[in-house]
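Readers should treat all values here as calculations from the given coordinates under stated rules, not as data from a laboratory. Just so you know, these numbers come straight off a predicted model, no measurement behind them. Ideal geometry is used to build each Cβ from the backbone, glycine not excepted, and the neighbour counts take in all protein chains shown.
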Amino acid sequence: MAESVLVIGGGIIGLSCAWEAAKRGFRVTILEKDTFGGQASGAAAGMLAPFSENTESPDPFFRLCLDSFFLYPSWVHEVEEASGRRVELCRSGSLNVAFHEADLLPMHTRLAWQQTYGVPCEMLSELELRRLEPELSQQAIGALYCPGESHVFAPLLVDALMEVCSKVGVRLIPHAGQLTKLEAGASSGVSVTMTDAGSWHADRVVVCTGAWSGLLEKWFPLTLPVHPIRGQICSFDGTLGDIRHMVFSSQAYWVGKNDGSLVCGASEDVAGFDRSVTERGINRLTKWSGRVFPFLQGSPPQRSWAGLRPATRDGWPLIGCVPGITEVILASGHYRNGILLSPVTAAMVGDLLEGKAESYNNAFRVDRFSRTAERTGSG
Ligand SMILES: Cc1cc2nc3c(=O)[nH]c(=O)nc-3n(C[C@H](O)[C@H](O)[C@H](O)COP(=O)(O)OP(=O)(O)OC[C@H]3O[C@@H](n4cnc5c(N)ncnc54)[C@H](O)[C@@H]3O)c2cc1C
């Protein structure tokens, strides 16, 4: 009989890993505390922007983002074909807009290394920028343009992944409640108990609990510094403007969706597990929306919401087996880029389930904080 896998957490990472595992022949069940996609994954702007999100250097995290970005079109095609649903993948391109001369130099530095990665990027003059995005403020003096960057409608992607999971026989268990037991390591698989879904046993478990992953530290011989970083985000519905690209400024970003809405995100604040929006947070986005797109001046957004990004101490995800307890795989801490990183994370987890050690990427090893703690002698 095929090996069984329990996936804990039904956000985009858990759903993607579950689908991948099922396609590779595992018998898969996902246990979700509340509702599938009800946390960060359903709140996300859906940008697939490895270049705009990685401005410093071509480090392993940038390369992970890029690998996933290249996987995306065929992965989405497969999701759409298998689910019969559309996830609105839109290759809008992105504009990183400069408002001051001082913004331009770092953009040129970025361009120098980013354009060697097989995706065209270029600097635009003020005139060229105006032609591409006429609604932008006259204060904009140029932009770094990356025509390949794209976005999806994240809630639709979650729905489509739920559908494909069901179709390949994944059992989806919502409202499973709190995890009260996780026992592994006795070479007899893994036992899990959830307050509202009882006890489960499987050969392997994949932990995809997003911003809540740090709370699971007690079950593992690991330091898991995963913390919630709240992102407040809002939407101008049925805007009169015609925003053609994803637009990034130093203060916010804007993404035009197929339904005519313009999504503006996102704050980064520490508020524990509080997902409420604040007047201050949304006012800041509203103010910047009016500055960057003058037609929005004085228009309050119609909708606002928030989600909790799962952030690790170094901002990079944790993807790998727990040392000494290889039945347990972690896939968490995707912070600002979990939508982008879903296909590559699923592929890595699929390989780990199949024991393909060559796909293991040391940069994202799950015990990297525990090892630092040992070396420095700090807790
Ligand atoms: C405002 C905002 C905008 C964003 N925009 C983008 C973007 O444009 N592009 C991008 O790539 N990323 C974006 N992100 C980041 C992205 O949303 C996250 O990185 C991604 O959703 C993380 O997915 P996840 O499945 O790990 O976490 P989540 O979606 O939070 O899912 C984790 C799930 O685990 C469940 N859970 C927790 N504990 C337990 C337990 N003990 N037992 C069972 N279930 C449990 C939770 O209920 C939850 O459903 C954004 C995030 C926010 C908040």
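Around residue 271, which amide H atoms from residues at least 5 apart in sequence, or from another chain, sit under 5 Å from its own amide H, with H modelled in the peptide plane?
230
Return 286, 326, 180 ranked ascending by Cβ neighbour count within 10 Å, so the fewest neighbours appear first.
Working: 286 21, 326 15, 180 10.
Ranking 286, 326, 180 by Cβ neighbours within 10 Å, fewest first, gives 180, 326, 286.
With the dipole of the chain worked out from charges on the C-beta (+1 for Lys and Arg, -1 for Asp and Glu) around the Cα centre, which of 107, 68, 5 lies farthest toward the positive end?
The residue sitting farthest along the positive end of the dipole is 5.
Can you list the equivalent-ellipsoid semi-axes of region 161-266, largest first and in whole Å, using the square root of 5 times each Cα gyration tensor eigenvalue? Spell out each step's value before the answer.
Values: eigenvalues 313, 74, 28 Å².
After diagonalising the Cα gyration tensor, the semi-axes are 40, 19, 12 Å.
What relative contact order, as a whole-number percentage, does region 27-182 give when Cα pairs under 8 Å and 6 or more residues apart are counted? Don't skip to the end; give the middle numbers.
Details: 218 pairs, mean separation 68.5, N = 156.
Contact order relative to length: 44 percent.
Please list the equivalent ellipsoid semi-axes of the chain, computed as the square roots of five times the alpha-carbon gyration tensor eigenvalues, in descending order and whole angstrom. Present the calculation step by step, with values, prior to reporting the outcome.
Details: eigenvalues 269, 93, 80 Å².
For the chain, the ellipsoid semi-axes come out as 37, 22, 20 Å.
Can you compute 3J(HN,Hα) from phi for each residue in region 136-151, using the Karplus curve 6.51 cos²θ - 1.76 cosθ + 1.60 with θ = phi - 60°, rounded to whole Hz and x for Gly and Pro?
5, 4, 5, 6, 6, 10, x, 7, 8, 10, 10, x, x, 5, 9, 8
Could you grab the relative contact order for region 152-244? Cα pairs under 8 Å, six or more apart, rounded to a whole percent.
Numbers: 78 pairs, mean separation 13.3, N = 93.
Value for region 152-244: 14 percent.
Among 307, 294, 338, which residue has its Cα positioned farthest towards the positive end of the charge dipole of region 287-350, with +1 placed on the Cβ of Lys and Arg, -1 on the Cβ of Asp and Glu, and the dipole taken about the Cα centre?
The Cα lying farthest towards the positive end belongs to 294.
Could you compute the net charge surrounding residue 345? Neighbours are other residues with a C-beta less than 13 Å from the C-beta of residue 345; K and R count +1, D and E count -1. Please report the intermediate quantities before stating the final value.
On the way: positive: none; negative: 20, 67, 351.
Net charge around residue 345: -3.
Tally Lys/Arg at +1 and Asp/Glu at -1 over every other residue whose Cβ is under 14 Å from the Cβ of residue 188; what's the total? Don't jump to the answer; show the numbers that get you there.
On the way: positive: 204; negative: 3, 183, 203, 327.
Residues close to residue 188 contribute a combined charge of -3.
Treating only the Cβ of Lys, Arg, Asp and Glu as charged (+1, +1, -1, -1), what charge dipole size does region 219-368 show about its Cα centre? Round to the nearest 20 debye.
Numbers: 15 positive and 13 negative charges, 108 e Å.
About 520 debye.
Quick one: net charge around residue 134, please, counting Lys, Arg +1 and Asp, Glu -1 for every other residue with C-beta under 10 Å from its C-beta. Show your work: numbers first, answer last.
Numbers: positive: 130, 131, 244; negative: 133, 135, 242.
Counting the neighbours of residue 134, the net charge comes to 0.
So how far, in whole Å, is the C-alpha centre of region 341-357 from the one of region 1-50?
So the separation of the two Cα centres works out to 13 Å.
Hydropathy at least 0.0 by Kyte-Doolittle, axial extent at least 15 angstrom from the Cα trace: which helices of the chain, defined as entire DSSP H runs, fit?
Details: long enough: 12-23 (16 Å, 0.93); 60-83 (32 Å, 0.24); 101-114 (20 Å, -0.32); 154-167 (20 Å, 1.04); 279-292 (20 Å, -1.08); 342-353 (16 Å, 1.21).
Helices meeting the span and hydropathy rule in the chain are 12-23, 60-83, 154-167, 342-353.
HN-Hα J couplings of region 314-323 from phi, Karplus 6.51/-1.76/1.60, θ = phi - 60°, integer Hz, Gly and Pro as x?
Result, rounded to whole Hz: 9, x, 9, x, 10, 9, x, 7, 6, x.
Compute the semi-axes of the equivalent ellipsoid of region 32-182, taking the square root of 5 times each eigenvalue of the Cα gyration tensor, and list them largest first in whole Å.
Numbers: eigenvalues 264, 57, 49 Å².
In descending order, the three semi-axes are 36, 17, 16 Å.
At R0 = 41 Å, how high is the FRET efficiency between residue 23 and residue 109 if r is their beta carbon distance? Nearest 0.05 is fine. Let's see the in-between values first.
Numbers: r = 41 Å, r/R0 = 1.00.
Efficiency, from the Cβ-Cβ distance: 0.50.
Provide the per-residue ³J(HN,Hα) series for region 267-272, in order, calculated from phi with Karplus coefficients 6.51, -1.76, 1.60 and θ = phi - 60°, each as a whole number of Hz, with x at glycine and proline positions.
3J(HN,Hα) across region 267-272, in whole Hz: 6, 10, 9, 9, 9, x.
With springs connecting C-alpha atoms under 10 Å apart, model the chain as a Gaussian network and identify which of 342, 267, 41 has the largest mean-square fluctuation.
Residue with maximal mean-square fluctuation among 342, 267, 41: 267.
Go through 218/356; 167/257; 33/287 and tell me which ones have a Cα-Cα distance over 30 Å in this structure. Can you show the working numbers first?
On the way: 218/356 28 Å; 167/257 28 Å; 33/287 36 Å.
Listed pairs above 30 Å: 33/287.
Could you list which residues have their amide H under 5 Å from that of residue 28, counting only those 5 or more apart in sequence or on another chain, with H placed in the peptide plane?
Excluding prolines and chain starts, which carry no amide H, the hits are 5, 171.
If amide H atoms are built 1.01 Å from N in the plane of the peptide, which residues on other chains or at least 5 residues away come under 5 Å of the amide H of residue 223?
370
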